[in-house]
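A.B. asks: Submitted below is the structure of interest, expressed as structure tokens.
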């Protein structure tokens, strides 16, 4: 019946209005909700614990009349033959024991029944080791707590009622057995502060499972004799809240989102190997998977912290890494090139923080500005102002004469604007920094960022090389965000204004002569593409392990209105080509701290042969 597109499967938490012990009325509301979910392209719907009867029936659950009515109701729902899988709570009497169950209905049939393991109220605990087949509603139905269901290549499990709150929940074993999503159906009474704790628990549990978790709990219409039920629909994936329903709703409600089963699998591949118990039965459900608009937000800037406090944390991680290296080498002086651009500015901020933390004199920070053929007044003045206000040692060494002599030595036409013209400047600057470090007994601090490393946008043995690179796992969009944060939090107004101007300056290596008006002529993003796109590509290629086709799909969603699909496709092709062809540069990079989810260090973080072929990945884009 088809597989899900790019791993996305549309799921739903459905909270119906309930009439306690009125199965017929509840059935009609459930059918209406399921039909509504069908029109919205949902493939799997979970209703609350005991949704057919209401969860607050008390000892009425022992009445044969109610149990028979519930059985008729589940048959009526199945008879609708709706094109989705529905998880519906109901009581079932089996071999003289009363169980709190979830029936999985699909394609006009009751495909499986999952009983609760935990005794609660009038209900018995299910203690059978393996699933059995029972005669229910004139069908032979799989019955047990070791059932996993499959829709469109996506596996899911179901846990019921109090099982959700146990130390070792069934969902843990289900995840071990390959279930990418677990549906927890509950009748969760609410009291002061309980919902906040519940939501955090669901989010954390999805992180622990490395999977999707859909929580549904009873709401409007349940008896308030002793408790209040407000209705919960919570959908989380890998520790992130994807969707959340309203509470205290006056009517039935659907909470819909797409869960990314591919992201779940990718995350599990990066972790420990799953332990398989081999006692789970997998039941395939013949459901057609419709295409529908993606029901989740795609984060366009995955590296940018949502909480500003994380900016301070990232800077501290960078500086702590440097502090350890300085202490280990008994080094009290560092040398770095300060261009007035984003990367060297962030590196300087980190170095200053490390020196302050170690109690070292900032005069031990030797900032070298090295004007060349493309240096503009704007970047030069910003570099000088920043170094002066931070109280470091300033060196100014022009590279013009040295490069002109070098052009003569290698017989290069000085009017040439090729790679040798540009790279000789970068290598001259690196030579200056390295030699100054030798003179003063210091360490050269690298400034190149993660985005440049991924694209190979660095001169080999030029700005590519240093003795310790504090920015190595910080992508360009985050470099800009951290610098902007530092500007807003600076106690020196002039430093703050300078940082803000640096943030607004076009990114450029300034290796080509400026325009006649003195402006930057060489803009990096015009040449290699927008960093907002490349950082999106990096995150989804490295962290999520997605295919280029899926990255293109996601980027089209995330950057809708900002870039066309053809533009995204072009720059994604550039990214893949450069990422593969420039691996040799990443195979020889200096040490540096991993402070984000991505590091391209060849020492374990990203192992890749330098001669890998990009053919398969480029074909996937097409």
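The values are calculated or read from the model by the stated rules, or taken from the named source; none is laboratory data. Every value quoted in this text rests on a predicted model; they were computed, and no experiment measured them. Cβ sites come from the backbone with ideal geometry, for glycine too, and all protein chains shown count toward neighbours.
A.B. asks: From the set of residues in region 394-409 that are touching a helix residue (DSSP H, G or I) at 6+ places or on another chain (Cβ under 7 Å) and assigned to a loop (DSSP other than H, G, I, E, B), which is surrounded by the most Cβ atoms within 10 Å (Cβ to Cβ)?
C.D. replies: Among those that are touching a helix residue (DSSP H, G or I) at 6+ places or on another chain (Cβ under 7 Å) and assigned to a loop (DSSP other than H, G, I, E, B), it is 399.
A.B. asks: Here is a further query. Would you check if residue 69 is outside any loop (DSSP other than H, G, I, E, B), under 22 Å from residue 21 (Cα atoms) and touching a strand residue (DSSP E or B) at 6+ places or on another chain (Cβ under 6 Å)?
C.D. replies: Taking the combined requirement at face value, the residue does not satisfy it.
A.B. asks: Just to check your reading of the model, which residue among 579, 537, 563 is outside the structural domain of residue 263 (by TED's automatic domain parsing), out of contact with any strand residue (DSSP E or B) (no Cβ under 8 Å at 6 or more places or on another chain), modelled with pLDDT of 95 or more and not in a helix (DSSP H, G or I)?
C.D. replies: Residue meeting the stated conditions: 563.
One line per residue, one yes/no per condition, for (1) assigned by TED's automatic domain parsing to the domain that holds residue 406; (2) free of Cβ contacts under 8 Å to residues at least 24 places away in the same chain; (3) within 20 Å of residue 431 (Cα to Cα):
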position	(1), (2), (3)
342	yes, no, no
346	yes, no, no
350	yes, no, no
353	yes, no, no
359	yes, yes, no
375	yes, no, yes
381	yes, no, no
385	yes, no, no
390	yes, no, no
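A.B. asks: I would also like to ask the following. Quick one: residue 595 ticks every box in (1) in contact (Cβ under 8 Å) with a residue 40 or more places away in the chain; (2) farther than 17 Å from residue 303 by Cβ except a single one, so which number is it?
C.D. replies: Among (1) in contact (Cβ under 8 Å) with a residue 40 or more places away in the chain; (2) farther than 17 Å from residue 303 by Cβ, residue 595 violates only (2).
A.B. asks: Can you tell me which residue within region 169-194, out of those that are more than 24 Å from residue 92 (Cβ to Cβ) and more than 24 Å from the chain's Cα centre (by Cα), is modelled with the highest pLDDT?
C.D. replies: 192
A.B. asks: While we're on this one: Looking at (1) part of a helix (DSSP H, G or I); (2) touching a residue at least 60 places away in the same chain (Cβ under 8 Å); (3) within 23 Å of residue 254 (Cβ to Cβ), which is the only condition residue 78 fails?
C.D. replies: All conditions are met except number (2).
A.B. asks: Could you count how many residues in region 549-570 are on the phi < 0 side of the Ramachandran plot and surrounded by fewer than 19 Cβ atoms within 10 Å (Cβ to Cβ)?
C.D. replies: Matching residues across region 549-570 total 11.
A.B. asks: Taking residue 321, is it buried (at least 17 other Cβ atoms within 10 Å of the Cβ) and within 28 Å of the chain's Cα centre (by Cα)?
C.D. replies: In short, yes.
A.B. asks: May I ask you to list the residues in region 328-351 that are in a helix (DSSP H, G or I) and in contact with a helix residue (DSSP H, G or I) (Cβ under 7 Å, 6 or more places away or on another chain)?
C.D. replies: 342, 343, 345, 346, 348, 349, 350, 351
A.B. asks: What number of residues within region 244-263 satisfy the criterion of being assigned to a loop (DSSP other than H, G, I, E, B) and within 19 Å of residue 197 (Cα to Cα)?
C.D. replies: The total comes to 4.
A.B. asks: For residues that are crowded, with 20+ Cβ neighbours inside 10 Å and touching a residue at least 60 places away in the same chain (Cβ under 8 Å), scanning just region 30-40, find the one that is nearest to residue 69 (Cα to Cα).
C.D. replies: This residue is 33.
A.B. asks: So residue 139 passes all but one of these: (1) at pLDDT 90 or above; (2) more than 30 Å from the chain's Cα centre (by Cα). Which condition number does it fail?
C.D. replies: Evaluating residue 139 over (1) at pLDDT 90 or above; (2) more than 30 Å from the chain's Cα centre (by Cα) leaves (1) as the failure.
A.B. asks: If only one of 103, 69 is in the same structural domain as residue 133 (by TED's automatic domain parsing), surrounded by fewer than 24 Cβ atoms within 10 Å (Cβ to Cβ) and modelled with pLDDT of 95 or more, which one is it?
C.D. replies: After ruling out the rest, the residue left standing is 69.
A.B. asks: Within region 158-166, is there a residue that is in the same structural domain as residue 227 (by TED's automatic domain parsing), at positive phi and crowded, with 21+ Cβ neighbours inside 10 Å?
C.D. replies: Yes - at least one qualifying residue is present in region 158-166.
A.B. asks: Something else about it: Residue by residue through region 221-243, note down the ones that are assigned to a loop (DSSP other than H, G, I, E, B) and under 16 Å from residue 255 (Cα atoms).
C.D. replies: 230, 231
A.B. asks: Quick check on my filter: what residues within region 379-391 are crowded, with 19+ Cβ neighbours inside 10 Å and either over 23 Å from residue 516 (Cβ atoms) or over 37 Å from the mean Cα position of the chain (by Cα) (or both)?
C.D. replies: Those that are crowded, with 19+ Cβ neighbours inside 10 Å and either over 23 Å from residue 516 (Cβ atoms) or over 37 Å from the mean Cα position of the chain (by Cα) (or both): 386, 387, 390.
A.B. asks: Considering only residues that are in a helix (DSSP H, G or I), within 21 Å of residue 363 (Cβ to Cβ) and touching a helix residue (DSSP H, G or I) at 6+ places or on another chain (Cβ under 9 Å), which ones fall in region 421-444?
C.D. replies: 432, 440
A.B. asks: Counting just the residues of region 344-365 that are surrounded by fewer than 23 Cβ atoms within 10 Å (Cβ to Cβ) and in contact with a strand residue (DSSP E or B) (Cβ under 9 Å, 6 or more places away or on another chain), which one comes out nearest to residue 382 (Cα to Cα)?
C.D. replies: Within region 344-365, the match that is nearest to residue 382 (Cα to Cα) is 352.
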